[in-house]
Amino acid sequence: MKEHYFSQTPQSESRPRELDVEVGGVRLSLRTDRGVFSKDAVDYGSRLLIETFVPPETDGPLLDIGCGYGVIGLAVAKRYPNRPLVMADINERAVSLADFNARQNGVEADVYQSDLYENVTGHFAAILSNPPIRAGKKVVHDLFAGARDRLLTGGELWVVIQKKQGAPSALKKLQELYGDAEIVERSKGYHILRAVKGADGE
């Protein structure tokens, strides 16, 4: 069976490499490896999400779900250092890298291996994700629905999805789940979607 970056235990031989990147106005030194998403460079969608994200007025921590080696969570934490950070991914190699990268970049973060929100506790002001589209629509929709249960009132879910990979249907699903959902940015075929949890749970 072909290995994917959303495999729990990558079987590919580990060959770590280092990336020095500037994204969202911050510099990061990142270790990546085979068997994780976008190992050779920070992908455009993640960059766009980092650059577009603005935290809500609601106080509380941030969650990077499906964090990979941690670039989204770490860049956002550097930009908004008063927000506690949690990162989670199903891929044990990605989790190890995200934990290493947090320490390497001086960011305090709780990092968990978790199938979506299975091992994630607490509630969040914002949840960010470059979701694993290739894992299938059910996984992506479960990510959307699970976020609603873990957001504080007024909290926001921010995701990046390419138009050709289902951004319009993703927006429709978010509107069904949250009521308040919109496209906040478009660039090079990528859409940044934001959904807000209202006081009534929508």
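Every number here is computed from the coordinates shown, using simple stated rules; none is lab data. What you are looking at is a predicted structure, and each value in this text was computed from that prediction instead of being measured. Cβ coordinates were reconstructed from backbone atoms using ideal geometry, including for glycine residues, and neighbour counts include every protein chain displayed.
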In the P(r) worked out for the chain, what percent of Cα pairs fall beyond 29 Å?
15 percent
Using the Kirkwood formula on the Cα atoms of the range 26-94, what hydrodynamic radius do you get, in angstrom to one decimal?
12.7 Å
Any idea what the relative contact order of the range 17-196 is, in percent, if you count C-alpha pairs under 8 Å spaced at least 6 apart?
19 percent
Taking the inverse of the average 1/r across all pairs of different Cα atoms in the range 9-52, what Kirkwood radius in Å do you get?
11.5 Å
With a 10 Å cut-off between alpha carbons and a GNM built on the chain, which of V111, V42, V184 moves the most?
V184
Helix check for the chain. Which DSSP H runs span at least 27 Å along their own axis by Cα, with a mean Kyte-Doolittle hydropathy no less than -1.0?
none
Quick one: Karplus J couplings for the range 192-197, per residue in order, coefficients 6.51, -1.76, 1.60, θ = phi - 60°, nearest Hz, x for Gly and Pro?
9, 10, 10, 10, 10, 8
Between G189, P131, L62, whose Cα lies farthest towards the positive end of the dipole of the chain when Lys and Arg beta carbons carry +1 and Asp and Glu beta carbons carry -1, centred on the Cα centre?
G189
Of the candidates G155, G25, G73, which one comes out as most mobile in a Gaussian network treatment of the chain with C-alpha springs shorter than 10 Å?
G25
Identify which of G146, G45, G66 has the largest mean-square fluctuation in a Gaussian network model of the chain, with springs joining Cα atoms closer than 10 Å.
G146
Over 28 Å between alpha carbons, listed pairs K138/K164; K78/K138; K78/K173; K78/K164; K39/K188; K78/K172
K78/K138; K78/K173; K78/K164; K78/K172
Calculated FRET efficiency for the pair Y80/I183, C-beta based, R₀ 30 Å, to 0.05
0.85
